[in-house]
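Following: one structure in structure tokens, then a few remarks.
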Amino acid sequence: MLSTNEMIISIVFAVSLAGILAYVFWIQRKQAKSGMPVTKSEGSVAATPLKLQAYERLVLLADRIALPNLINRCNQPGLNVREMQNLLVQTIRQEFDHNITQQIYVSPEAWDAIRNLKEQNLLIINQVASYLPDAATGQDLNKSLLEMVMQNPKASLHHVVSDALSFEAKKVLS
């Protein structure tokens, strides 16, 4: 098991990652507001519905892999901590893999945000599970994850990612 200091370091790392991502999107918004007008060619106008659909799917993905929503959907009484950990991790990976082709329609920054959200959530699940004893239940893991998110809302990156994706989708429309 990891010590409390190691858990704090892991959480600080996750929060730092969220801060860096938020800063990148803030810079991107700032540049977009002061940027030059964009003219659309015929090809980009035809691709607009595909791009918008990709942003919609990625916003949905961000929502589906947000820890509170994921726990609510995957909650299965009777699982032990390792089984629940594996279920949560597997579900995140399946959701991500199902939407991996959307990266060709969105900006690299948007795709990086989704990938970082996935990695952050996997890190949090694995870190919290590693602190629980082997005799713990899946419910104990879910409770610990939800408590961590409630105690440190900044550790939850999905709101930042969803806002950034929505912002980029609105740029596609303009």
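Derivation of every value follows stated rules applied to the coordinates shown; laboratory data play no part. Bear in mind the structure is a predicted one, so any value in this text is a computation, not a measurement.
Note on the stretch 93-138: Kirkwood radius taken over Cα pairs, Stokes-Einstein applied at 10 °C and 1.306 mPa s, translational D equal to 129 µm² s⁻¹. Listed cross-link partners K118/K170; K51/K118; K51/K143 are compared with a 29 Å cut-off, the Cα-Cα value being larger for K51/K143. For N80, nonlocal amide neighbours, meaning residues 5 or more places apart or on other chains whose placed amide H falls under 5 Å from its own, are G138. Indicate the gyration tensor shape class of the stretch 46-90 (rounded, prolate or oblate), computed on the Cα atoms with a ≥ b ≥ c the square roots of the eigenvalues: a/c under 1.5 is rounded; otherwise a/b larger than b/c is prolate and the rest oblate. Prolate is the answer for the stretch 46-90, as a/c is 1.5 or above and a/b outweighs b/c.
Pairwise Cα separations in the stretch 127-174 fall into 10 Å bins from 0 onward with the following percentages, short to long: 23, 32, 22, 15, 7, 1.
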